[in-house]
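Okay, structure first, notes after.
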Amino acid sequence: MLGSMAVETDWLVEAFLDTVKVEKGLSLNTIESYQRDLSKFSAFTQKKYPKKRFLSLEKEAVLAFLVHLHKQKLSSKTIARHLVTLRVFYKYLLSSGHVKQNPTQDVESPKIWRKLPEFLTLSEIDQLLTQPDLATTQGIRDRAILELLYASGLRITELVTLKTANLHFDTGYLKAKGKGAKERVVPFGGSARRYLEKYIDKVRPELDPTQSNPSLFLSKLKRKMSRQSVWMLLKKYALLAGLKKNIFPHILRHSFATHMLERGADIRAVQMMLGHADISTTQIYTHVTKERLHEVYKKYHPRS
């Protein structure tokens, strides 16, 4: 025998689907999609809240349902679609007087529920940066590359397309060409500057004696370095450093952003340095820092 919530939900969903079919003229695919999403929500809430009436469910139930979908490894796009269905459904329930409040109101779309970016801790950064052998020309070049990636948050593509003319040592800034060929000005610190100067003064003249190649970083074959070669040297030094984390091209960029925000940098400034068109892309790093703060609190507070 069906529980009272199931009976209540079934007739409400049926009434909703009949209404949108007639009044909105929606396609059969959309109607079927609404029906599937609401069936999932109904099944979930009956199991989680067996003693509650469906019409008494609050925002907590909607959030719990979205988290349930997230744990099932559904994509953010699919989860967002379920939320849209619930919003349309509750808008109908509100307008028809079945509920007095809309529990989907102010529920954030799961578009930001991406996998939080991995990053290196400060000690792991130190381990990585100190791996290149500074007694060799390649080691000096590689140290300059690693230092600059961490100091500026550049993408690897932006790094390999840098030209010597893009560096301005007098001001401590460089000009990077990002996505859509958009130029931006990015500062780089004293540590990166020291190794860049060492590379430019001691190594680069050997790789480009005639100074005819405008590219900043050159390979042993005296050509512009490729993305793959920078990626491989990053992997090599991470292995030498004994880092256990998954190392990928953007890890120093993620580390740069996370460490800046952890130390109180303005998110708009970090957005500009990273070259993000939309601040919501930068905001993913605030989720990382909040998670870190929570971990630190749990670890060190005596009553956590």
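Restricting attention to the stretch 1-34, the residues being closer than 20 Å to residue 68 by Cβ and either surrounded by fewer than 15 Cβ atoms within 10 Å (Cβ to Cβ) or modelled with pLDDT under 90 (or both) number 4. Selection of the stretch 59-80 for residues being outside any helix (DSSP H, G or I) and surrounded by 12 or more Cβ atoms within 10 Å (Cβ to Cβ) yields 74, 75. Looking across 65, 54, one residue alone is modelled with pLDDT of 90 or more and either in contact with a Phe, Trp or Tyr (Cβ under 8 Å, 6 or more places away or on another chain) or under 17 Å from residue 89 (Cα atoms) (or both). It is 65. Reported count of residues in the stretch 174-205, each being surrounded by fewer than 12 Cβ atoms within 10 Å (Cβ to Cβ) and either in a helix (DSSP H, G or I) or hydroxyl-bearing (Ser, Thr, Tyr) (or both), is 6.
Restricting attention to the stretch 81-127 and to residues that are modelled with pLDDT of 85 or more, loosely packed, with under 12 Cβ neighbours inside 10 Å and part of a loop (DSSP other than H, G, I, E, B), the residue that is farthest from the chain's Cα centre (by Cα) turns out to be 97.
Residues of the stretch 70-95 being within 19 Å of residue 58 (Cβ to Cβ) and in contact (Cβ under 8 Å) with a residue 40 or more places away in the chain, which ones? Of everything in the stretch 70-95, those that are within 19 Å of residue 58 (Cβ to Cβ) and in contact (Cβ under 8 Å) with a residue 40 or more places away in the chain turn out to be 82, 85, 86, 88, 89, 92, 93. For the stretch 246-294, the set of residues classified as in contact with a strand residue (DSSP E or B) (Cβ under 9 Å, 6 or more places away or on another chain) and not in a helix (DSSP H, G or I) consists of 275 only.
Scanning the stretch 151-160 turns up no residue that is more than 18 Å from residue 231 (Cα to Cα), assigned to a loop (DSSP other than H, G, I, E, B) and in the same structural domain as residue 270 (by TED's automatic domain parsing).
The values are calculated or read from the model by the stated rules, or taken from the named source; none is laboratory data. Predicted model, so just to flag it, every value in this text is computed and none were measured. With ideal geometry, Cβ positions are generated from the backbone for all residues, glycine too; neighbour counts draw on all protein chains shown.
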